[in-house]
Amino acid sequence: MLFRILGPIELHTPAAVHQLGAGKPATVLATLLQQPNAWVTVDQLAEATWPGAAMPASASANLKTYVWQLRRLLPDLDGAGRIDRRADAYRLRVAPGEVDADRARSLGASALAAPPPARLPLLREALSLWRGRPYCGVEPAASAALALTELRLELSEQLAEVQLELGDHTNAVGTLREVTSEAPLREPAWALLVRALTAAGQRTEALLAARRAAEILRSELGVTPGPVLAAASHSLAPPLTDVSPRRELPRDVRLIGRAPEIAHIRRAATAPAPLVLLTGPPGIGKTALAVHAAHQLAPNFPDGQFFVHMRQPAGALLDRLLRGLGLSLLRIPPDLDERASLWRSSVAGRRILLVLDDALTRDQVWPLLPATPGSLTLVTARSLAGHLDGATRIPLHPLSPTAAKSLYAAASATHPNPAGIAAGRGNPGALLLAATAPAMQRRAAV
């Protein structure tokens, strides 16, 4: 091999090894090597040699100098010089097998036609020809370098597949981890890695690799895994029926003065596909009421109780709910409508209780709602933007004076400084606000 381009450009002549580095003679040689035995115009050579810069008036003369320097280094071919010239172009004459990239392609092709034991040394020899990034330092050859990098990755995948066939799982895993680290969007490499890890008995690592691949494909390309990766990962994902029902409700609280609202929620929960919307200002006790009512009703919904803070986009919320059902990332589609459809399909026929806390808009809530009878959804919101069709709306108001006194007394019995109790999410009725609001209203009226 005379021309070495799978790394920094080198010429291996009978007399010596010439390292051309990243200078302009190397650029001229790289440009000629991309079209071996073909005429390359002076304009093409000049554009490659001075990319993005003002071309000097002496460009043509300089090119002649660089070609002369290369001719001095290159041995003759068939008794004649290597670089031919005509009025407006140059041609580099290359014999078969003189370029290391061609040798790598030939070895790869031979490996495809050979049985697995014979493929292994051919692929290893081909991969050994790379010494770094192809055409290293010659930026005008960047597109050609990408193609040769792609060739190396394909050869590495072939090598890992042979290693896997021969039972060399450890080396197959090592080969594929290098590929997926360098080129994380290569789905075939991820599929092979999942297979190799599974064959090596590393089931947990295989599942993590499959999930990592799905995350990358979704975030970078907006796609779900294709059939090859999905097939390799299918046996790793736990079946939905094997997942224990979720029990996500926060700790229950003691409520005072909300009996009418609880009775209203209980009546609404008997509808075929109940949807209850609790509204009110911050600190009124919406979350506490929803959690308390959910705990009372939970025995009626044995297939799961979910509690979701709604301060995320609908897509992220659906992702979280689907994973709560036991679906792996591999099975969750990237499209919002498809995720919503999968969620509705997954809970169809099930009896689940869903608490959606602190919702902002109808569009955020709507994709999360079960569509079939048997499930209850409780939504809390300060003021929901948009109308929720079929929802039972229950507005929360400050407690009555009697209930407020009882609540304040209960707080006094359990807290040395009830006035310092903060009104917040999960607080039983937002003690301070609920207890003092009636008195504040009377004072304002005076």
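Odds and ends about this structure:
- Hits in segment 251-282 - residues which are touching a Leu at 6+ places or on another chain (Cβ under 8 Å), surrounded by fewer than 19 Cβ atoms within 10 Å (Cβ to Cβ) and more than 21 Å from Gly374 (Cα to Cα): Thr279
- Top-ranked residue in segment 1-40 [being among the β-branched types (Val, Ile, Thr) and touching a residue at least 12 places away in the same chain (Cβ under 8 Å); ranked as farthest from Arg131 (Cα to Cα)]: Val40
- Residues in segment 134-148 that are crowded, with 22+ Cβ neighbours inside 10 Å and at positive phi: 1 in all.
- Filtered residues of segment 253-268 (kept if modelled with pLDDT of 90 or more and either closer than 13 Å to His295 by Cβ or basic (Lys, Arg) (or both)): Ile262, Ile265, Arg266, Arg267
- Filtering segment 40-59 to residues that are surrounded by 15 or more Cβ atoms within 10 Å (Cβ to Cβ), not β-branched (Val, Ile, Thr) and not in a helix (DSSP H, G or I) leaves only Trp50.
- Residue under evaluation Ala348, criteria (1) over 13 Å from Leu275 (Cβ atoms); (2) surrounded by 15 or more Cβ atoms within 10 Å (Cβ to Cβ); (3) hydrophobic (A, V, I, L, M, F, W, C), criterion not met: (2)
- Qualifying residue in segment 149-168 (condition: more than 30 Å from the chain's Cα centre (by Cα) and surrounded by 14 or more Cβ atoms within 10 Å (Cβ to Cβ)): yes
The values are calculated or read from the model by the stated rules, or taken from the named source; none is laboratory data. Fair warning: this is a prediction, and the values are worked out from it, not measured in the lab. Methodologically, a virtual Cβ is constructed for each residue, glycine included, from the backbone with ideal geometry; neighbour enumeration extends over all protein chains shown.
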